[in-house]
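Below is one structure, written out as structure tokens; the observations come after it.
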Amino acid sequence: ALEVACAAVEDARRAPASLAASRTGVYFGAMWQEYALFTRGAAEAIHAHSAIGWDTSVIPSRIAYSLGLRGPVMGVATASSSSLVAVHLAVQSLRSGESDMALAGGVNLMLHPNTSVAMAKLGTQSPDGLCRAFDADGDGYVRGEGCAVVVLRRLSDAVADGDRIYALIHGSAVNNDGAT
């Protein structure tokens with residue numbers, strides 16, 4: 001996550017070290033904590049970085065610490081929406097003036113089979129392994145892994161600084177899908 005965050009900052013034409021002491025927030029979605037399954041019950045497997053895998057709130061904290069950031073830091077775990085809720089919270093922080101810049105993203109790694117087995121037994125995974133989001137034939141989700149980070153700024157600040165702008169976020173919201 002730190003490597004991807006630094007790559008996003010560099011893509012924004014900034015040196016990661018240049019953000020030190022800035023009001024840059026970090027909002028990061030993550031869930032499952034499969035890393036913990038590797039070390040439970042095996043004291044010799046625990047090392048200095050084990051806590052990062054056991055508690056997903058440490059991920060954005062370590063990014064902020066490593067880059068010397070002074071903005072808000074928040075780990076988000078809202079199931080499949082974790083990364084999007086992280087973006088929503090980052091946008092709110094920028095709009096309220098709490099942050100001048102935000103790193104928002106998420107990470108999911110499939111490190112242990114137990115989660116996939118549990119979700120298959122729950123009946124939430126697509127039996128044929130095909131994702132058909134918003135399709136009438138959709139019959140479950142497909143697990144995947146990856147990491148992504150975006151650098152967010154208020155449009156007025158980005159334009160004033162001549163930043164490269166890939167997209168605009170006109171609005172965001174969080175809801176509850178209830179019975180699903």
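The values are calculated or read from the model by the stated rules, or taken from the named source; none is laboratory data. Owing to the predicted nature of the structure, the values given are computational and were not obtained by experimental measurement. Because the Cβ atoms are built from the backbone with ideal geometry, glycine has one as well, and the counts that use them run over all protein chains shown. The area values use the complete protein model at the heavy-atom level, side chains included, leaving out ligands, DNA and RNA. Shrake-Rupley method; radii C 1.70, N 1.55, O 1.52, S 1.80 Å.
Could you tell me which numbered condition ARG95 fails, if it satisfies all but one of (1) part of a helix (DSSP H, G or I); (2) open to solvent by less than 80 Å² (accessible area, probe 1.4 Å); (3) modelled with pLDDT of 90 or more; (4) not β-branched (Val, Ile, Thr)?
(2)
Is it true that ALA79 is open to solvent by less than 60 Å² (accessible area, probe 1.4 Å) and closer than 30 Å to GLN92 by Cα?
On the way: open to solvent by less than 60 Å² (accessible area, probe 1.4 Å): yes; closer than 30 Å to GLN92 by Cα: yes.
The answer is yes for ALA79.
Restricting to region 16-49, give me the number of residues that are surrounded by 15 or more Cβ atoms within 10 Å (Cβ to Cβ), over 16 Å from the mean Cα position of the chain (by Cα), polar (S, T, N, Q) and at pLDDT 75 or above.
The qualifying residues number 1.
Is it the case that some residue within region 118-138 is small (Gly, Ala, Ser) and in contact (Cβ under 8 Å) with a residue 24 or more places away in the chain? Let's see the steps before the verdict.
Applying the first criterion (small (Gly, Ala, Ser)) to region 118-138 yields 118, 120, 123, 126, 129, 133, 136, 138.
Pick out the ones that are also in contact (Cβ under 8 Å) with a residue 24 or more places away in the chain and you get none.
So far as region 118-138 goes, no, none of its residues is small (Gly, Ala, Ser) and in contact (Cβ under 8 Å) with a residue 24 or more places away in the chain.
Considering region 111-147 alone, what residues qualify as being surrounded by 15 or more Cβ atoms within 10 Å (Cβ to Cβ), touching a helix residue (DSSP H, G or I) at 6+ places or on another chain (Cβ under 9 Å) and part of a helix (DSSP H, G or I)?
THR115
Of the conditions (1) open to solvent by less than 40 Å² (accessible area, probe 1.4 Å); (2) outside any loop (DSSP other than H, G, I, E, B); (3) over 19 Å from GLY29 (Cβ atoms), ASP163 fails just one. Which one is it?
Status for ASP163: all satisfied but (2).
So in region 61-72, with the set limited to residues that are open to solvent by 60 Å² or more (accessible area, probe 1.4 Å) and not hydroxyl-bearing (Ser, Thr, Tyr), which one is nearest to ALA1 (Cα to Cα)?
Among those residues, the one meeting the criterion is ARG62.
I'd like to check which helices (runs of 4 or more DSSP H) are fully inside region 1-89 and have at least 3 residues that are in contact with an Asp or Glu (Cβ under 7 Å, 6 or more places away or on another chain) and touching a residue at least 40 places away in the same chain (Cβ under 8 Å).
Working: elements: 2-11, 35-39, 50-54, 58-67.
Qualifying helices (runs of 4 or more DSSP H): none found.
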